[in-house]
Amino acid sequence: MKFVFTDKKVTLPQKVHDYAEKKVGKLDRYFKSDAEAFVTFSVEKNRNKVELTVHAGSMYFRADESSSDMFASIDTAVSSIERQIRKNKTRLSKRLRTDAFERAVEEQSSFVPDEPEEEFKVIRTKKFPIKPMTVDEAILQMNLLEHTFFAFRNEDAGGAFAVVYARNDGGYGLIEDAD
């Protein structure tokens, strides 16, 4: 597993990075190919925050945890991603290593039983024409509808599918097709 560490507005000793590499590295057993782990450390309002994103193949797993101790935040983030993987293990089994879930009992990192897998249930379907517009027009339309996201065809990108969304920090985000 490859690691990318980022320290935002904080300088951490090497032992924190080493600890994170050791803990996150245990997730490597779930993946077929080389996975990448992006770990961002920050301190906000006297809370030690860890943002962990693991990318393997076409799958992304993300956890965002904060606590009073950086080591505890790392442990909680790793547990959160492991829980995501176990919760969806039958859906993910085609994409992850085939023997990833065949561990000995003494290797398990948690005594929490596997959660039952819930079905993806589409409750409601909406169909509407996706019109070409600029990003500013899409944000305006999203705000007028009082939604947190809005799908549209981006005129500035040759009519490619895009989504604008309201961010928690008060700004806006744009998701575009990579093609």
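Please give the FRET efficiency for Lys126 paired with Thr40, using the beta carbon to beta carbon distance and R0 = 25 Å, rounded to the nearest 0.05.
Details: r = 35 Å, r/R0 = 1.41.
That gives a FRET efficiency of 0.10.
Give the long-range amide H neighbours of Ala160: residues separated by 5 or more places, or on another chain, with amide H under 5 Å away, using H modelled in the peptide plane at 1.01 Å from N.
Asn154
Taking the highest mean first, how do the peptides 157-169, 61-73, 125-137 order by number of other beta carbon atoms within 10 angstrom per residue? Can you show the working numbers first?
Numbers: 157-169: 13.8, 61-73: 16.7, 125-137: 10.4.
Sorting 157-169, 61-73, 125-137 by mean packing, highest first, produces 61-73, 157-169, 125-137.
Once ligands and nucleic acids are excluded and a 1.4 Å probe is used, how much of Leu144 is accessible, expressed in Å² to the nearest 10?
It works out to around 120 Å².
Give the distance, in whole Å, between the Cα centre of segment 113-178 and the Cα centre of segment 1-19.
33 Å
List the residues whose amide H sits under 5 Å from the amide H of Ala35, counting only those 5 or more places along or on another chain, with H placed 1.01 Å from N in the peptide plane.
Amide H to amide H, under 5 Å and 5 or more residues apart or across chains, Ala35 pairs with Lys2.
Using 0.36 nm times the number of residues separating Arg62 and Ile175, minus their current alpha carbon distance, what extension gain do you get?
Numbers: separation 113, 0.36 × 113 = 40.68 nm, distance 1.71 nm.
Length gained between Arg62 and Ile175: 39.0 nm.
The values are calculated or read from the model by the stated rules, or taken from the named source; none is laboratory data. Being a predicted model, the structure only gives us computed values, none of them experimental. Cβ atoms come from the backbone with ideal geometry, glycine included; neighbour counts cover every protein chain shown. Each accessible area value is taken on the protein alone, full model and side chains, heavy atoms only, with ligands, DNA and RNA left out. Shrake-Rupley method; radii C 1.70, N 1.55, O 1.52, S 1.80 Å.
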